[in-house]
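Worksheet: one structure, shown below.
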Amino acid sequence: MRNVAVVGFAQSPSVRSTEGTTNGVEMLVPVLSDLFGQTGLTKSDIDFWCSGSSDYLAGRAFSFIAAVDALGAFPPINESHVECDAAWAVYEAWIKILTGEVDTALVYGFGKSSAGELRRVLSLQLDPYTVAPLWPDSISLAAMQARLGLEAGRWTEDDMMAIAARSLSDATANPYAQRSGQLVTDAPMIADPLRSYDVAPISDGAAALILTTEARARDLVARPAVISGFDHRVDSAVLGARDLTTSPSTHAAGQAAGARDIEVAELHAPFTHQEIILREALQLSDTVRINPSGGPLAGNPMFAGGLIRIGEAAARIHSGDASRVLAHATSGPLLQQNLVAVMEAQS
């Protein structure tokens with residue numbers, strides 16, 4: 001099979017709220033313009049389009065179809081959609097190129113979390129018979145996970161605070177970050193033991209990237225980010241059926257993707273303690289730089305946050321800052337579904 005590479009990445013600023021509609025068109029138009037400007041490609045050069053979003057979050061049927069207005073659907077285009085984070089749309093596009101069905105694909109994701117009560121919306125992804133009727137929100141569930149790890153001695157509150165401090169500090173160099181700067185150590189408790197800095201902010205945002213064959217990539221960017229491994233796995237949706245302080249699916253996906261000799265890792269950890277779980281599952285050494293972009297704690301648009309991790313990791317190769325990187329995306333409650341992509345610069 002031929003190699004596939006990321007050749008361009010663009011994103012909108014992550015913000016608490018936008019004035020635009022929930023179909024993402026207003027956010028996507030400037031992002032796509034930026035992406036085409038980077039690569040010199042045009043709409044006619046794209047063989048396949050794939051997006052990730054949620055009609056349920058948008059509160060409207062077929063919002064992903066309305067988003068096609070940002071692309072220009074006439075003449076007709078070859079388009080697909082995944083009802084989850086757009087990182088999984090990258091996987092679909094990667095398969096399309098690997099099989100030789102297309103040569104170039106554009107993947108985009110968007111989410112307007114401010115349109116509703118996000119914590120309440122995410123409760124409805126839980127078991128509809130035994131868990132969802134109790135209305136445990138996403139932050140309360142993560143607090144229980146954090147408490148389990150604290151009581152087991154897997155991590156400390158100081159460990160969690162250090163992760164938040166590093167993320168906010170790194171985010172000062174990221175113009176798209178929603179929050180950055182110095183950590184407020186006496187931040188309010190949201191759900192014991194999670195303080196506000198332990199939790200990714202509610203974010204509106206969009207992102208997009210372009211994939212193409214390695215042969216085509218070398219005409220578009222000096223250092224293509226070639227995907228050398230890609231896999232995604234899932235753990236049980238029954239929260240009581242798994243050890244919430246570990247992530248076997250992340251470990252399995254990392255092993256299948258070849259997660260070794262990594263220099264930079266962009267981890268989709270919406271809570272500070274989850275970064276520790278992911279780092280251990282992927283067996284990342286202390287020399288690996290984690291989330292130099294600031295990561296999800298600096299801005300986490302629903303259904304684009306995982307795609308941003310792939311794009312940010314690829315950008316480290318494009319810029320020459322790294323030669324072998326890892327990107328991780330998660331979906332579902334408490335790291336239930338996990339995707340890992342490994343990219344490297346080819347000489």
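Residue count for the stretch 39-54 under the criterion of being surrounded by 17 or more Cβ atoms within 10 Å (Cβ to Cβ) and out of contact with any Phe, Trp or Tyr (no Cβ under 6 Å at 6 or more places or on another chain): the result is 7. Candidates are the residues of the stretch 62-91 that are charged (D, E, K, R) and surrounded by fewer than 19 Cβ atoms within 10 Å (Cβ to Cβ); the one that is modelled with the lowest pLDDT is Asp69. Pairs meeting the criteria (first residue in the stretch 128-141 and of a type outside the set (Ser, Thr, Tyr), second residue exposed (fewer than 11 other Cβ atoms within 10 Å of the Cβ), beta carbons under 8 Å, at least 6 apart or on different chains) are Ala132/Leu124. When each of His268, His273 is tested for being modelled with pLDDT of 95 or more, in contact with a Gly (Cβ under 6 Å, 6 or more places away or on another chain), assigned to a loop (DSSP other than H, G, I, E, B) and crowded, with 24+ Cβ neighbours inside 10 Å, the lone residue that passes is His268. The set of residues from the stretch 284-343 being small (Gly, Ala, Ser) and over 19 Å from Ala10 (Cα atoms) comprises Ser285, Ser323, Ser331, Gly332.
Against the condition assigned by TED's automatic domain parsing to the domain that holds Ala67, assigned to a helix (DSSP H, G or I) and of a type in the set (D, E, K, R), how does Glu92 come out, does it pass? Criteria met by Glu92. Condition first: in contact with a Pro (Cβ under 9 Å, 6 or more places away or on another chain) and not in a loop (DSSP other than H, G, I, E, B). Now tell me which residues in the stretch 110-134 satisfy that. Phe110, Gly111, Lys112, Ser113, Leu122, Ser123 - these are the residues of the stretch 110-134 that are in contact with a Pro (Cβ under 9 Å, 6 or more places away or on another chain) and not in a loop (DSSP other than H, G, I, E, B).
Considering Ala215, Ala171, Ala206, the condition of being assigned to a helix (DSSP H, G or I) and within 30 Å of Thr42 (Cβ to Cβ) is satisfied by Ala215 alone.
The values are calculated or read from the model by the stated rules, or taken from the named source; none is laboratory data. The shown structure was predicted, so the numbers you read here are calculated from the model rather than taken from an experiment. Counting neighbours? That spans all protein chains shown, and the Cβs are built from the backbone with ideal geometry, glycine included.
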